[in-house]
Amino acid sequence: MILFHHSNLGIPGWADRSLRWLIVTPWMHVVHHSRLQPETDSNYTSFLSVWDRLFGSFRLREKPEEIALGLDGYEERDWRGLPGILASPFRKAPGQREV
């Protein structure tokens, strides 16, 4: 299921609207990967979309293709390659302050 909602499948709008009443669709889940914090804090569920509806974390975007994905600061070249990804748990995140 996680592979399905993280995919780039081109599901027709009518089918997506119908499916997302029951399960998480790619159009619904992509909002969770937005750079905007209120959108990142939405659409958490992995299978049944009812959970986000029940807990008030359900959110959609009219044009999901306009969503800027990712985290601020991680677009730098040294974070995007395999070495940067593997080292990320051991490096200070961009903009992160010392505690």
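Bear in mind these aren't lab numbers, they're just calculated from the coordinates by the rules spelled out. None of these values were measured; they are calculated from a predicted model. Quick reminder, even Gly has a Cβ in these numbers, built from the backbone with ideal geometry, and neighbours come from all protein chains shown.
What the table below lists for this structure:
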{"read-out": "Tally of residues being loosely packed, with under 15 Cβ neighbours inside 10 Å, of a type in the set (F, W, Y) and free of Cβ contacts under 8 Å to residues at least 12 places away in the same chain across region 28-63", "value": "1"}
{"read-out": "Flag for R61 being more than 29 Å from G73 (Cβ to Cβ) and either part of a helix (DSSP H, G or I) or not polar (S, T, N, Q) (or both)", "value": "no"}
{"read-out": "Residue in region 14-43 that is farthest from the chain's Cα centre (by Cα), counting only those that are part of a helix (DSSP H, G or I) and closer than 16 Å to F55 by Cβ", "value": "P38"}
